[in-house]
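Accompanying notes for the structure given below.
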Amino acid sequence: MAEWLKRGAMADQKAAIDRKVRETVEATLADIEARGDAAVRALSIKFDGMDRDSYRLTQAEIDRCVDSLNPQDIIDIEFAQAQVKNFAQIQRATILDTEVETLPGVVLGHKTIPVQNAGCYVPGGKYPLLASAHMSVVTAKVAGVPRVITCAPPFEGKLAPAIVAAQAMAGADEIYCLGGIQAVGAMALGTDSIRPVDMLVGPGNAFVAEAKRQLFGRVGIDLFAGPTETMVIADETVDGEICATDLLGQAEHGPDSPAILITTSRKLAEETMREVTRLLEILPTAGIARVAWENWGEVILCADDEEMAQVSDHIANEHVQVMTRDPDWFLNRLVNYGALFLGPRTNVAYGDKVIGTNHTLPTRKAGRYTGGLWVGKFLKTHTYQRITTDEASAMIGEYCSRLCALEGFAGHGEQANLRVRRYGGRNIPYAGRAEPLEAVA
């Protein structure tokens, strides 16, 4: 049975925290819906210290941000976006329209149609997370979305040049300097100055994630992407330094970011905890990472690989890094996660920033029922049907008539019976009498 060598101190308080977030978001969205731009402006001033007549950036502002970056910055952003675009194009090529004659004269098919308006949230309150622009905007454009707008908060009270440049280089059609609930609410609900979108995507903090949850139904969403979660599954083939580094590398996202080690080696578990303590003395972002580790960090000792897999699937973490003697065993065994990082040569930071897979991933156990953001999230699969012969229409109609009678749907039945009369030449009564056709001989 799994043994917890360390538990998160805040785990039992999660429900109360979630309730406060839920109430705050509900009230804020109601204010945005009622007052529109005025509410958005008040919230932006209060939370981001940003007061503007229009929160949409002008082309001149965008150009200044791009020009402020050094040439290597531009090269690096272009490289990262090229990797994301390439993998998204590979994925898009697997999604095909189809049309098939399933019975003589009966043609069925589907078309994939892109969402027409997508709103991409790019978090940047604590760090200028320009990578989120690649993941959302580039992917949406590969899918063929005609209008892609972005919202990112100011960084330390000013436009974040790298984020703005990344949004522009990714192909965003409109760029707004807005963060938090007010950004998500404005994109989904619309205001006098912001035309609403059909779909919201992108990661964010607990308030952003809750806002997306409450807005789901009015608009589509990619998934519930709350605070970053990371898990390391490891055995004695690696050491404590690499495990501790990979845990703290994600814990720095925020003070509510869980970081979990699952291992079959007590020695590695203890060594990792010592390394965490050491690294927290020298890590520049230790102020955040330490709180996350103390409040949400866990170390779980398991008997064997199978138990590690069971615990991992139960937790269903966002990022799962596997550093064991046989990582592919976990690739074939695990079923609940956001993304896998197999072997010590890769890590979550590669996926976050540059390697090409999408970093917007399910959190809070959502990996049980959805994967992460990908080009397919921006595509809608719409079916159609065509019947090309009188005989096929009459034949399908006879089956449909009897099935409608079983359900008592007389109007549905008459839709079928009308076709049987017209195309099959059968003199059958009006379906309102609820008399089903006799079985086909």
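Values for this structure:
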item	result
Rounded accessible area of residue 216 (nearest 10 Å², 1.4 Å probe)	130
Region 177-235, relative contact order in percent, only Cα pairs under 8 angstrom and at least six apart counted	31
Tensor-based shape of region 285-334 (alpha-carbon gyration tensor, a/c under 1.5 rounded, otherwise prolate or oblate)	prolate
Residues with amide H under 5 Å from that of residue 224, placed H, sequence gap 5 or more	363
Relative contact order of region 334-406, pairs being alpha-carbon contacts under 8 Å that are 6 or more residues apart, as %	26
Helix-only CD estimate at 222 nm, as mean residue ellipticity for the chain, using -39500 (n - 2.57) per DSSP H run (n ≥ 4)	-14000 deg cm²/dmol
Length released on extending from residue 331 to residue 304, taking residue separation times 0.36 nm less the Cα-Cα span	8.1 nm
Chain lengthening between residue 342 and residue 102 when straightened (0.36 nm per residue, less Cα-Cα)	82.2 nm
For residue 352, solvent-accessible area (1.4 Å; no DNA, RNA or ligand), Å²	10
Cα-based convex hull, the chain, per residue volume (Å³, whole number)	202
94, 383, 285, 58, ranked by accessible area, largest first (probe 1.4 Å)	383, 94, 58, 285
Aspartates and glutamates whose Cα lies under 20 Å from that of residue 380, excluding same-chain neighbours fewer than 8 positions away	97, 99, 198, 222
Residue-by-residue Karplus 3J(HN,Hα) for region 347-364, coefficients 6.51, -1.76, 1.60, Hz, glycine and proline x	6, 5, 4, 4, x, 5, 10, 8, 6, x, 6, 7, 9, 7, 10, x, 10, 6
Region 125-190: trypsin sites (Lys or Arg not before Pro) falling in loop per DSSP and having at most 16 other Cβ within 10 Å	126
Contact order relative to length of the chain, as percent, for alpha carbon pairs under 8 angstrom and 6 or more apart	18
Per DSSP, loop trypsin sites (Lys or Arg not before Pro) in region 333-402 with at most 15 further Cβ within 10 Å	345, 365
Amide hydrogen neighbours beyond the local backbone of residue 380, cut-off 5 Å, H modeled	113, 115
From phi via Karplus (6.51, -1.76, 1.60), per-residue ³J(HN,Hα) for region 284-295 in Hz, x at Gly/Pro	x, 9, 4, x, 8, 4, 5, 4, 4, 5, 5, 8
Under the Karplus curve 6.51 cos²θ - 1.76 cosθ + 1.60, θ = phi - 60°, whole-Hz ³J(HN,Hα) for region 48-65, x wherever Gly or Pro sits	10, x, 10, 10, 9, 5, 10, 8, 7, 6, 7, 4, 5, 5, 4, 4, 4, 5
Set of lysines with alpha-carbon distance to residue 6 below 27 Å, sequence-local pairs under 8 removed	14, 20, 267, 365
Accessible area of residue 406 in the full protein assembly, 1.4 Å probe (Å², nearest 10)	150
Sparse-neighbourhood loop sites, GluC sites (Glu not before Pro) in region 234-282 - DSSP loop, at most 15 other Cβ within 10 angstrom	236, 281
Antiparallel bridge percentage (DSSP; both residues within the chain; nearest 5)	35
Calculated FRET value between residue 34 and residue 391, using beta carbons and R₀ = 60 Å, to 0.05	0.55
Amide H contacts under 5 Å for residue 155, placed H, 5+ residues apart	160
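The values are calculated or read from the model by the stated rules, or taken from the named source; none is laboratory data. Note that the coordinates shown come from a computational prediction; the quantities given were computed from them, not determined experimentally. FYI the Cβ positions are ideal-geometry reconstructions off the backbone, even for glycines, and counts take in every protein chain you see. Keep in mind that these areas ignore ligands, DNA and RNA; they rest on the heavy atoms of the full protein, side chains included. Shrake-Rupley method; radii C 1.70, N 1.55, O 1.52, S 1.80 Å.
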